[in-house]
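Worksheet: one structure, shown below.
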Amino acid sequence: QVQLVESGGGLVQPGGSLRLSCAASGSIFRIYLMGWYRQAPGKQRELVASINSGGRTVYADSVKGRFTISRDNAKNTVDLQMNSLKPEDTAVYYCKTDPPPSWGKGTLVTVSS
């Protein structure tokens, strides 16, 4: 099993920045994919960005050019740098790793003036 702990959420004004971090522990030697998902109120959970063990990244169209995902394989962490935040980025952000499919408990990001 893999345990994931997210940090870095909070309240930020539109146009501001936040950095989310996720630390993995447990059966981490097999992790191939690490990523961030988000779920806004009344909406389905969606992929924000992912990165594989080789460094290949995938981004949702809505965050391209604003968000950057990075990974430290030695520390078993994955970060999400979020810039130029918009109110529509408000959501609970979840860290996910695979395999095995594991989720963190989530961290709330609120973008509001």
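The values are calculated or read from the model by the stated rules, or taken from the named source; none is laboratory data. Given the structure is predicted, the values throughout are model-derived calculations rather than measurements. Glycine gets a Cβ as well: all are built from the backbone with ideal geometry, and neighbour counts include every protein chain shown. Protein only, heavy atoms only, side chains kept; ligands, DNA and RNA dropped before computing areas. Shrake-Rupley method; radii C 1.70, N 1.55, O 1.52, S 1.80 Å.
Could you name the lysines whose alpha carbon sits less than 28 Å from that of Lys86, not counting residues in the same chain fewer than 8 places away? Qualifying lysines at Cα under 28 Å: Lys43, Lys64, Lys96, Lys105. Rounded to the nearest 0.05, what FRET efficiency is calculated for Asn83 and Arg30 with R0 set to 22 Å and r the Cβ-Cβ distance? Step by step, r from the Cβ atoms, then E = 0.10. With the cut-off at 1.5 for a/c, could you classify region 27-86 from its C-alpha gyration tensor as rounded, prolate or oblate? Here region 27-86 falls in the prolate category.
Taking the accessible area of the chain, probe 1.4 Å, and keeping the other protein chains in place, the carbon and sulfur fraction comes to 49%.
Each pair of Cα atoms in the chain enters the Kirkwood radius, and Stokes-Einstein at 25 °C and 0.890 mPa s then converts it into a translational diffusion coefficient of 177 µm²/s.
Per residue, how many Å² of accessible area does the chain show with a 1.4 Å probe?
Heavy-atom SASA per residue in the chain reads 54 Å².
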